[in-house]
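Notes for the one structure printed next.
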Amino acid sequence: MNRLAQMRLWGLIRKESLQILRDPSSIAIAFIMPVVLLFLFGYGVSLDAKHIPVGIVIEQPDRETQSLAGAFERSEFFSPQYFSVIQTAQKALDEHQIDGIVWLRSNFSAQLLSNSASPIGVIVNGVDSNQANITQRYITGTWQAWLSHYAESRGQSLQMPVSVEQRVWFNTALSSRLFLVPGLIAIVMTLIGSLLTAMVVAREWERGTMEAMMVTPLRRSEILAGKLIPYFVLGMGGMLFSVALAVWQFKVPLHGSFWLLMLSSALFMLVALAIGLLISIVAKNQFVAGLLAIIVTFLPAFILSGFLFDIHSMPSWIQFITYLVPARYFVAILQTLFLAGDVWSVVLPNIGALLMMALFYFLLVWRKFHKRLE
Amino acid sequence: MVLRHVLRHIFALAIKEFLALLRDKRSRFVIIGPPIIQLLVFGFAASYDLNHVPVAIYNEDLGGASRELISHIEGSPNFEVIAYLEHDSEVAPLIDNRDVLLVLHLGQHFSSDLLQGTTASLQVILDGRNSNTAMMAMNYLNSIVLDYNLNWLAAEGKSGAFAVLQTRAWYNDNLQSNWFIVPGIVGLLTLLVTLLVTSLSVAREREAGTFDQLLVTPLRPMEILIGKAIPGIVIGLLEATLIIVVMVVLFEIPLRGNLGALYLGIGLFLLSAVGVGLMISAISVTQQQAVLGAFLFMVPAIVLSGFATPIANMPVFVQWLTYLDPLRYFLIIVRGITLEGNSYSLLIHQYWPMAIIGFVTLSLAGWLFRHRMY
């Protein structure tokens, strides 16, 4: 590159950087957004239920019902409320005061003492199916613990033929925060890379300053590089900031190598930027660009990336779509690098996929951008 | 008559707003097309249910008992056994690569322990990177083992459990998570479109400089406010209706409650969404700021609404914040009416907070129209 070209590029980068610095909303999205998002998700979003309000219906209180209610009382997963008839408990369930009902009928103890299997009615509110599953699991767990405890108190031993011993790798406590926070970095970078870039460049089209730029001696590659470099720097800044928050504030361990993380982030950033540019070229208007960026990049990164919902369980035509979502590859890399370490067999194919996507989108930007110049 | 003048003013402005929005072919498309595509893709994708969880089995036992337990796991639609291991060293690569979510290990003495009446242990090694998926998978496994245990005890003629759980889920009998998620998407997409339409309406004019002209016309700020609010409400209403029709027809989500109560909820929700949108618009100087502002509101609004994760799991401080989120109330209404078959009386406490949010934000927006001049 000769001196003149360098000067031109440098001048353009300077202009773009000044534009970022002047409009505080760009800085806001790069640095305030990550903080807001990480705090919201880190503290606000949790799939770990505790103190689930359950209603325990005891139609005829005695020692046996007392012993079962005590098991719920002692569990950290439940905060029980007591009812004497099922109707009032059902009303409380309708009004969302409780999430589940454990119903001990009046003949519960009699059947229990006569050794015939005494039925315990369990009703959960199934609207939030995931929560309902968790509630059922905890109720079952509490019931099993109580069974063996109760058997012992009667001098019998209730031995389960098979016991399950679980060992969890990578996230021993199964804390949902540890798996949500790494994935969140992908979301933050999607926002900075795609939404911000799409909006900024669409504004230039809308105002006609893009056309003004085209009559300058700047080459196509220089215009693109001049747009990309400042946002790349901004995006990587936001990313470093998010990693720092994840590690120090949320105590998510980073088992993998930092440089591998940086490399894959840089690649993902390039893909996000290219998509942002492409959207702005297609949309050329800030309203359309904004909506497209949210719908094409942010929401898929949220729902189709495996950040929150399991990709394996999606219908196969949607699993196919997820291969088109760059965040999918990045989330896989992030979750592995943070929680498991440098597992090359996971990281390499995903980096390869990101590389292909970056090349593909840049080629597309290159061609589309060219067309519009004429 | 004064009233006639007011109505004419508002009507004229509303027409102009519609034209500004719908004149552009791409704008027309992004209001209708992407939300429907989103609903389809996310409706099928956003699910916590697990099917075909990939499992590997490492069975060192030669007895029949272990084979019987394995056949139960093979027969479950929740699991798909993809590998049978012969050696310890095969476990780690499978888990590391995410080829399997869990490995089941049955030791050499599994069958003989079982036959001698000592507890046989089933070891499970679990990939905890996605903690929720891991817990769900354990849930399925535990219920298979529990069934197996009870059958075994019954076959041995031993007194099994003297109390058994009979579990039922109300409102969502099969605990399908798309019954929970899809009604949520109605709220999410309606909010997205309404917010973008309104938040850009003032900012667009500010950027073009026509808002000052609007302020010096005989239109009163109140009339400008209403004229600008109408397109958002009308488009939101149509959008919501369209999505609800798709939800009922395609996803077969039941609509058990009162339709009038649903539309009262939609109306109040739109009022609050339009209020927030106009407030953002009145604060912003550029369209970029407006979109970013809408976004900075949108993301926390989704996260705090209980769309994907329960509000009850959030820390108390964050739970307080959720009361400011109109989507929180609307989701309870949509889910209450579709799944629980609620009507006005049970939902009254969801209606008035949205009315207050709408009133406050609209007044603030009107005040900002007059007091923010650039």
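The values are calculated or read from the model by the stated rules, or taken from the named source; none is laboratory data. What you see is a predicted model, and the numbers here were worked out from it, not measured in a lab. Note that each Cβ is placed from the backbone with ideal geometry, even for glycine, and that neighbours are counted across all protein chains shown. With ligands, DNA and RNA removed, areas are computed over all heavy atoms of the protein, side chains included. Shrake-Rupley method; radii C 1.70, N 1.55, O 1.52, S 1.80 Å.
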### Task
Count neighbours as other Cβ atoms within 10 Å of each site's Cβ, and list the trypsin sites (Lys or Arg not before Pro) in the range A:1-49 that are DSSP loop with at most 11 such neighbours.
none
### Task
With unit charges on the beta carbon (Lys/Arg positive, Asp/Glu negative), name the residue among B:THR361, A:PHE360, B:PRO310 whose Cα is farthest towards the positive pole of the charge dipole of the protein assembly as shown.
B:THR361
#### Entry: Efficiency of FRET between B:ALA155 and B:HIS109 - r from beta-carbon atoms, R0 25 angstrom, step 0.05
0.80
### Message
Output wanted: per-residue J couplings in Hz (rounded whole) for the range B:291-303, from phi through Karplus 6.51 cos²θ - 1.76 cosθ + 1.60, θ = phi - 60°, x for Gly and Pro.
### Response
5, 5, x, 4, 5, 4, 7, 4, 5, x, 4, 5, 5
### Message
Tell me the net charge near B:MET222. Cut-off is 15 Å between Cβ atoms, B:MET222 excluded, with +1 for each Lys or Arg and -1 for each Asp or Glu.
### Response
+3
### Summary
Expected max-MSF residue from B:TYR263, B:TYR329, B:TYR148 in the GNM of chain B (alpha carbon, under 10 Å) is B:TYR148
### Rg and Dmax of the range B:292-374, Cα atoms only, in Å
15.1, 50
#### Entry: Portion, in percent, of the accessible area of the range B:1-141 that falls on carbon or sulfur, probe 1.4 Å
61 percent
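Once you list every other residue whose beta carbon is under 10 Å from the beta carbon of B:PHE180, what net charge do they have if Lys and Arg are +1 and Asp and Glu are -1?
0
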### Query
If you build a Gaussian network model of chain B, linking Cα atoms that sit under 10 Å apart, which residue out of B:LEU19, B:LEU153, B:LEU364 swings the most?
B:LEU153
### Query
Anyone know which of A:ARG220, A:ARG207, A:ARG74 comes out most mobile in the 10 Å Cα GNM of chain A?
A:ARG74
### Query
If one puts a single equal scatterer on every Cα of the protein assembly as shown and applies the Debye formula without solvent, what log₁₀ I(q)/I(0) results at q = 0.11 Å⁻¹?
-1.21
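Relative to the Cα centre, what is the charge dipole magnitude of the protein assembly as shown, using +1 at the beta carbon of each Lys and Arg, -1 at the beta carbon of each Asp and Glu, and rounding to the nearest 20 debye?
3760 debye
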### Task
Could you pull out the pairs from B:LYS25/B:LYS228; A:LYS227/A:LYS251; A:LYS284/B:LYS228; A:LYS15/A:LYS251; A:LYS15/B:LYS16; A:LYS227/B:LYS16 whose alpha carbons sit more than 29 Å apart here?
A:LYS227/A:LYS251; A:LYS15/A:LYS251; A:LYS15/B:LYS16; A:LYS227/B:LYS16
#### Entry: Given chain B, longest segment not containing exposed loop GluC sites (Glu not before Pro) (DSSP; at most 12 other Cβ within 10 Å)
B:87-251
### Query
Tell me, how many Å apart are the Cα centres for the range A:14-79 and for the range B:193-227?
38 Å
#### Entry: Positive-end residue, chain A charge dipole about Cα centroid, Cβ charges, pick of A:SER79, A:MET214, A:SER176
A:MET214
### Debye-sum result for the range A:52-153 in log10 I(q)/I(0), which assumes one identical scatterer on each alpha carbon, at q = 0.10, 0.15, 0.17 Å⁻¹
-0.25, -0.57, -0.73
### Query
Could you give the semi-axes, largest first, of the ellipsoid that matches the range A:152-226, computed as the square roots of 5 times the alpha carbon gyration tensor eigenvalues and rounded to whole Å?
64, 12, 8
### Query
How much length is gained if the chain between A:VAL36 and A:ASN115 is pulled fully straight, taking 0.36 nm per residue apart and subtracting their Cα-Cα distance, in nm to one decimal?
22.8 nm
### Task
Obtain the nm distance between the two label points defined at A:SER84 and A:LEU359 by a simple spin-label model: each point lies 7 Å from its Cα along the Cα-to-C-beta direction.
7.7 nm
### Query
Just how large is the dipole of chain B about the Cα centre, in debye to the nearest 20, putting +1 at every Lys and Arg Cβ and -1 at every Asp and Glu Cβ?
2780 debye
## Note on the structure
Expressed in angstrom and rounded, the centroid-to-centroid distance over alpha carbons for the range B:288-355 and the range A:171-195 is 22 Å
## Note on the structure
When the charge dipole of chain B is computed with +1 on Lys and Arg Cβ and -1 on Asp and Glu Cβ about the Cα centre, the Cα farthest towards its positive end, among B:VAL103, B:ILE348, B:ASN59, belongs to B:ILE348
### Query
Mean shadow of chain B, computed from the convex hull of its alpha carbons, in nm²?
24.9 nm²
### Task
Just grab the label-to-label distance for B:GLU74 and B:VAL164, each label 7 Å out from Cα along the Cβ direction, in nm (one decimal).
2.7 nm
### Query
With Rg and the Kirkwood Rh both taken from Cα atoms, where does Rg over Rh land for chain A?
1.15
### Task
Mind giving me the nanometre distance, one decimal, between the label points for B:ALA355 and B:SER89, set 7 Å out from Cα along Cα→Cβ?
7.3 nm
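Which FRET efficiency value, to the nearest 0.05, is calculated for B:MET222 and B:ARG23 with the Förster distance at 25 angstrom and r the Cβ-Cβ distance?
After rounding, the FRET efficiency stands at 0.45.
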### Query
Where nothing but the Cβ of Lys and Arg (+1) and of Asp and Glu (-1) is charged, how large is the charge dipole of the range A:52-153 around its Cα centre, in debye to the nearest 20?
140 debye
## Note on the structure
In order over the range A:262-278: 3J(HN,Hα) from phi, Karplus 6.51/-1.76/1.60, θ = phi - 60°, whole Hz, x for each Gly or Pro, gives 5, 4, 5, 5, 4, 4, 4, 4, 4, 4, 4, 4, 4, 5, x, 4, 4
